[in-house]
Amino acid sequence: MKRIGIIQKIVDIGIVAIVRTESKASALKTVEAIREGGINAIEVTMTVPGALDIIKEISETYDDIILGAGTVLDPETARECILAGATYIICPHLNYEVINLCNRYRVPVMPGVMTVKEAIEAMELGVEILKVFPGSAFNPSIVKAIKGPLPQANLMPTGGVNLDNVADWVKNGAIAVGVGGSLTKDAKTGDYERITEKAKEFVKRIEDARN
């Protein structure tokens, strides 16, 4: 039931904030800024230096963050992330071994898919949310197009989602969105207040689009 609960929380908020920074200190400040902006579904990517330590610290510090690990390329890394405190795993690709490991431990996994064929394969493996990646290679209508033959597919576009088009992704049927640079890029200049402001705006636009 825990697995289902995590998935439901992500769907309820409608957005997973992706943290991909150049240092541990910046990552932790970015996480706090996102959280203050009302987004508590946060993914720390394995490209961040010390990512496992960051996941462990966040999991021990906050009890209200739905914490995931992203850019997971293999089952070994997935297991390390789970042990560090990640409650869901996100891959940029469809990796059967990662999915099988996550299923074994009843941890939600969201693999990247680009085609209807990959979407069907992922669903046959028990995946609940499909990461449409890279979203920047498409436009929001890709979600509606995939859901034509696969209305049961739960799609989360990631890459290319920003404040200008997030409502279009939702209106085309996205169950949630993954947002990275368009939300967190101000971390490079240390403007974490701006990240908080953007997080609030993302939440508002998703709520408005759903209503």
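The values are calculated or read from the model by the stated rules, or taken from the named source; none is laboratory data. A quick note: this is a predicted structure, and the numbers were derived from the prediction, not measured. Glycine also receives a Cβ, built like all others from the backbone with ideal geometry; neighbour counts cover every protein chain displayed. What goes into the accessible areas is simple: the full protein's heavy atoms, side chains included, and nothing from ligands, DNA or RNA. Shrake-Rupley method; radii C 1.70, N 1.55, O 1.52, S 1.80 Å.
Observations on the structure shown:
- Count - residues of the range 146-164 that are more than 18 Å from residue 203 (Cα to Cα), open to solvent by 20 Å² or more (accessible area, probe 1.4 Å) and not polar (S, T, N, Q): 4
- When residues in the range 14-39 are screened for being within 13 Å of the chain's Cα centre (by Cα) and either of a type in the set (D, E, K, R) or surrounded by fewer than 19 Cβ atoms within 10 Å (Cβ to Cβ) (or both), 1 of them pass.
- Count of residues meeting criterion [part of a helix (DSSP H, G or I) and open to solvent by 10 Å² or more (accessible area, probe 1.4 Å)] in the range 89-145: 19
- Between 204, 131, the distinction of being charged (D, E, K, R) and touching a Ser or Thr at 6+ places or on another chain (Cβ under 6 Å) belongs to 131 only.
- Scope the range 58-87; condition buried (at least 18 other Cβ atoms within 10 Å of the Cβ) and part of a helix (DSSP H, G or I); matching residues: 58, 75, 77, 78, 79, 81, 82, 84
- Count of the range 181-204 residues which are within 27 Å of residue 142 (Cβ to Cβ) and surrounded by 20 or more Cβ atoms within 10 Å (Cβ to Cβ): 5
- Note on the range 136-160: residues that are in contact with a Pro (Cβ under 9 Å, 6 or more places away or on another chain) and either in contact (Cβ under 8 Å) with a residue 60 or more places away in the chain or within 17 Å of residue 13 (Cβ to Cβ) (or both) amount to 2.
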